Amino acid sequence: MEKAMKEMQEQMASMPPDQRKMMQDMMASQGVSQTDAGTKIKVCITKEDLKRDMVPPADNQCKQDIVRKSGNSVWFKYTCKGNPPSSGEGEYTFVSDKAFKGKMTMHTTVEGRTDVIQMNQTGKWLSDNCGSVKPRP
């Protein structure tokens, strides 16, 4: 994944300025931006998501199941049918009513090679207006 992100950054850097801006604007309209510190993704979380104590899955090809809840922490497993397909497990903890942190392990196979990816996440409430970022289905 790191290699793919680096390749994407190199491709973006080699684009003519107007094409790069168009790509960045398209990504921004979906809540995605790249920084030196990593990828930032804005997600519109609905009241229904909050009632279920769920952070929405990455896309509509993913299914997420809660394995256990304890206090303000949730453990989950997920599967995604995307290309490439992936599965994994993780946990997140609501550190306040406006922030969460979590970690995840993802298992996937790319070009016949199995990869295991560890991710750390943090999230915070930005606004009650999602702007151009639409809630996930």
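Of everything in segment 13-22 that is surrounded by fewer than 14 Cβ atoms within 10 Å (Cβ to Cβ) and either of a type in the set (Val, Ile, Thr) or within 28 Å of SER127 (Cα to Cα) (or both), the residue that is modelled with the highest pLDDT is LYS21. When segment 118-134 is filtered for residues that are under 13 Å from the mean Cα position of the chain (by Cα) and within 21 Å of ASN60 (Cα to Cα), the ones remaining, listed by number, are MET119, GLN121, GLY123. Scanning segment 106-137 for residues that are among the polar types (S, T, N, Q) and either exposed (fewer than 13 other Cβ atoms within 10 Å of the Cβ) or not in a strand (DSSP E or B) (or both) turns up THR109, THR114, GLN118, ASN120, THR122, SER127, ASN129, SER132. Take the residues in segment 91-105 that are surrounded by 14 or more Cβ atoms within 10 Å (Cβ to Cβ) and within 16 Å of the chain's Cα centre (by Cα), then tell me which one is modelled with the highest pLDDT. Among residues in segment 91-105 that are surrounded by 14 or more Cβ atoms within 10 Å (Cβ to Cβ) and within 16 Å of the chain's Cα centre (by Cα), the one modelled with the highest pLDDT is GLU91.
The values are calculated or read from the model by the stated rules, or taken from the named source; none is laboratory data. Small disclaimer: the values here were computed from a predicted structure and weren't measured. When we count neighbours, we look across all protein chains shown, and the Cβ atoms used for this are built from the backbone with ideal geometry, even at glycine.
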